[in-house]
Each structure stands twice: as C-alpha cells, then as structure tokens.
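The values are calculated or read from the model by the stated rules, or taken from the named source; none is laboratory data. Bear in mind the structure is a predicted one, so any value in this text is a computation, not a measurement. So basically every Cβ, Gly included, is an ideal-geometry build from the backbone, and we count neighbours across all protein chains shown. For the accessible areas, the whole protein counts, side chains as well, though only heavy atoms, and no ligand, DNA or RNA atoms are used. Shrake-Rupley method; radii C 1.70, N 1.55, O 1.52, S 1.80 Å.
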Amino acid sequence: MSAPKQPSRAMDLKEGDMVERGNSASGVVVQVREKKGPLRAAIPYMPFPVAVVCLFLNTFVPGLGTFVSAFTVLCGARTDLPDRHMCCVFWLNIAAALIQCLTAIVMVGWIMSIFWGMDMVILASK
C-alpha cells in the first residue's frame, strides 16, 4: 500500500504567508511577504532627506509630515499601489493625515503619526 498523496499547498497560500522557496544543505529557505492595507500602501517612496523632514514634522505636529508626503505623490513619488491613479493615492494620504490630526487628542494619532514617519524613512532607505 502506498501513502495517500498530500494536497498541494500552493492553492491554500494567501499573501503574507510563508512560502517555501527551495531546499538547501542547511535547511529550508523561506520568504515572507507583508500584507499592507490601502492607507499604508499609499505611503510614497521619497528621497531620504524629504522622508526625514516628514518624520520630524510628524513627531511635533501629528499629520503634518503625512500631509507634506501626499504632495510628493503628485510630484511623481511611487507607492505600493501602482494600479491606483495618482489622485486617489494623494487623497488616501490626505485622509491618513486627517486621521492622525483628529485622533492626536487621545494620543493615538500622535503615535500613528510617528510610526508613519518611521515607515517613510524605512521606505526611503530602500
């Protein structure tokens, strides 16, 4: 008797799951992809100095750096939303800045704003 066949896992994988890429002598090589929501995927890839300025602005005035980064999208900065129109991505960034500004009263927006600025710097360094 032979063992039953294992079903293929390729159909069961979703974005964000670990994917087996191949075998090596020391073990299995895996790749992890992060799934981003539309607001987070709309963060533009800016030049490093601009991203640092946006982080600085977001640290002291929640949402201001995110507001400035929205205009970099209009200047041609790319995002992780290539299938969306430039104006749509611009308004997503404006919405994120507004959310940060309005929720800064309860500290949530301020913390979100700082993390948003750190993401801008991380994306700029890539």
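Could you sort 99-107, 50-58, 29-37 so that the peptide with the highest average Cβ count within 10 Å comes first and the rest follow in order? Don't jump to the answer; show the numbers that get you there.
Numbers: 99-107: 15.6, 50-58: 20.7, 29-37: 10.1.
Going by the mean number of other Cβ atoms within 10 Å, highest first, we get 50-58, 99-107, 29-37.
If I model a spin label at residue 85 and residue 98 as a point 7 Å from the Cα along the Cα→Cβ vector, what separation in nanometres do I get?
Rounded to a tenth, the inter-label distance reads 1.8 nm.
How much length is gained if the chain between residue 48 and residue 28 is pulled fully straight, taking 0.36 nm per residue apart and subtracting their Cα-Cα distance, in nm to one decimal?
Residue separation times 0.36 nm, minus the Cα-Cα distance, leaves 3.7 nm.
Using the Karplus curve 6.51 cos²θ - 1.76 cosθ + 1.60 with θ = phi - 60°, work out ³J(HN,Hα) for each residue of the range 60-74 in order, rounded to whole Hz, and write x for Gly and Pro.
9, 10, x, x, 5, x, 5, 4, 5, 5, 4, 6, 5, 5, 5
Given a 1.4 angstrom probe, what's the average accessible area per residue across the range 68-126, in square angstrom?
Spelled out: the 1.4 Å probe surface of the range 68-126, per residue, equals 59 Å².
Residue-wise, which Karplus ³J(HN,Hα) couplings in Hz belong to the range 37-54, taking 6.51 cos²θ - 1.76 cosθ + 1.60, θ = phi - 60°, and x for glycine or proline?
Result, ordered by residue: x, x, 5, 6, 6, 7, 5, x, 7, 9, x, 4, x, 5, 5, 5, 4, 5 Hz.
Under the Karplus relation 6.51 cos²θ - 1.76 cosθ + 1.60, θ = phi - 60°, what is the ordered set of whole-Hz ³J(HN,Hα) values for the range 97-110, x standing for Gly and Pro?
Computed from phi, the couplings for the range 97-110 are 5, 5, 4, 4, 5, 6, 9, 5, 4, 9, 6, 5, x, 5 Hz.
Classify the range 24-126 as rounded, prolate or oblate from the Cα gyration tensor: take a ≥ b ≥ c as the square roots of its eigenvalues, call it rounded if a/c is under 1.5, otherwise prolate when a/b beats b/c and oblate if not. Write out the running numbers ahead of the final one.
Details: a/c = 1.90, a/b = 1.53, b/c = 1.24.
Since a/c reaches 1.5 and a/b is larger than b/c, the shape of the range 24-126 is classed as prolate.
In a shell of Cβ-Cβ distance under 15 Å around residue 73, excluding residue 73 itself, what net charge do Lys and Arg (+1) and Asp and Glu (-1) give? Display every interim value, and only then the final one.
Working: positive: 40, 78, 84; negative: 80, 83, 119.
Taking every Cβ under 15 Å from that of residue 73, the sum is 0.
If the chain between residue 105 and residue 119 were fully stretched, how many nm would it gain, using 0.36 nm times the residue separation less the Cα-Cα distance?
Roughly 2.8 nm would be gained on extension.
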